[in-house]
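Trainee: Would you mind keeping the following structure in view while I ask a few things?
The values are calculated or read from the model by the stated rules, or taken from the named source; none is laboratory data. This one's a predicted model, so the numbers in the text were calculated from it and none came from an experiment. Virtual Cβ from ideal backbone geometry, glycine too; neighbours counted across all protein chains shown. Keep in mind that these areas ignore ligands, DNA and RNA; they rest on the heavy atoms of the full protein, side chains included. Shrake-Rupley method; radii C 1.70, N 1.55, O 1.52, S 1.80 Å.
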Amino acid sequence: MNDSPLALLGGTPAMAVPGPHFVWPPITEADRQAVARQLETAVSIPDRSGIVADLEDALASYLGVRHIVTTCTGTAALHSMYAAAGIGPGDEVIVPALTFHATATPLFHLGARPVLADVDDGGSWIWRTPPGG
């Protein structure tokens, strides 16, 4: 016999209404139609054209900037930003020690060296030298 108050373990559920209670992302019929139209045009867009160009132009207008470059992932965005900044072989780039690996891995692809840094309770930077570095 289980005396747990948790619904997961046999207790009374807090929600009596069947789920799903929240669906993300909200997908409308207009979204479905836009995807279907794109599938008829192209699945992979290797250049700045079609729906990619439309999105980048709309974002540039909305943000009030001249250029926008969309990427497929945050890692690709960081790689693009590092490359655009001219980071390359022999460069050292300060990155937070407590972060997702994608903050540093694009630097390795570019031949640069990430330098890990922490912040102590007083807000001062603490440099971490990697083993062998």
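Trainee: Could you say whether any residue in region 32-53 is surrounded by 10 or more Cβ atoms within 10 Å (Cβ to Cβ), of a type in the set (A, V, I, L, M, F, W, C), part of a loop (DSSP other than H, G, I, E, B) and modelled with pLDDT of 85 or more?
Mentor: no
Trainee: Select from region 19-31 the residues that are outside any helix (DSSP H, G or I) and over 21 Å from the mean Cα position of the chain (by Cα) and write down the one among them that is nearest to residue 84 (Cα to Cα).
Mentor: Applying the first criterion (outside any helix (DSSP H, G or I)) to region 19-31 yields 19-28.
Remaining after also requiring over 21 Å from the mean Cα position of the chain (by Cα): 19-22, 28.
Numbers: 19: 46, 20: 44, 21: 43, 22: 40, 28: 37 Å.
My answer is 28.
Trainee: Looking at 51, 45, can you tell me which residue is without any contact (Cβ under 8 Å) to a residue 24 or more places away in the chain and closer than 30 Å to residue 101 by Cα?
Mentor: 45
Trainee: Just to be sure I understand the filter: pairs with C-beta atoms under 8 Å, separated by 6 or more residues or on different chains, first member in region 9-25 and without any contact (Cβ under 8 Å) to a residue 12 or more places away in the chain, second member assigned to a loop (DSSP other than H, G, I, E, B) and among the hydroxyl-bearing types (Ser, Thr, Tyr). Which pairs pass?
Mentor: As it stands, the answer is 10/4; 11/4, since those pairs meet every condition given.
Trainee: Kindly establish whether residue 116 is in contact with a Lys or Arg (Cβ under 6 Å, 6 or more places away or on another chain) and either modelled with pLDDT of 65 or more or open to solvent by 80 Å² or more (accessible area, probe 1.4 Å) (or both).
Mentor: Yes: the conditions hold for residue 116.
Trainee: Take the residues in region 1-31 that are of a type in the set (A, V, I, L, M) and open to solvent by less than 70 Å² (accessible area, probe 1.4 Å); name whichever of them is modelled with the lowest pLDDT.
Mentor: Among them, the one singled out is 7.
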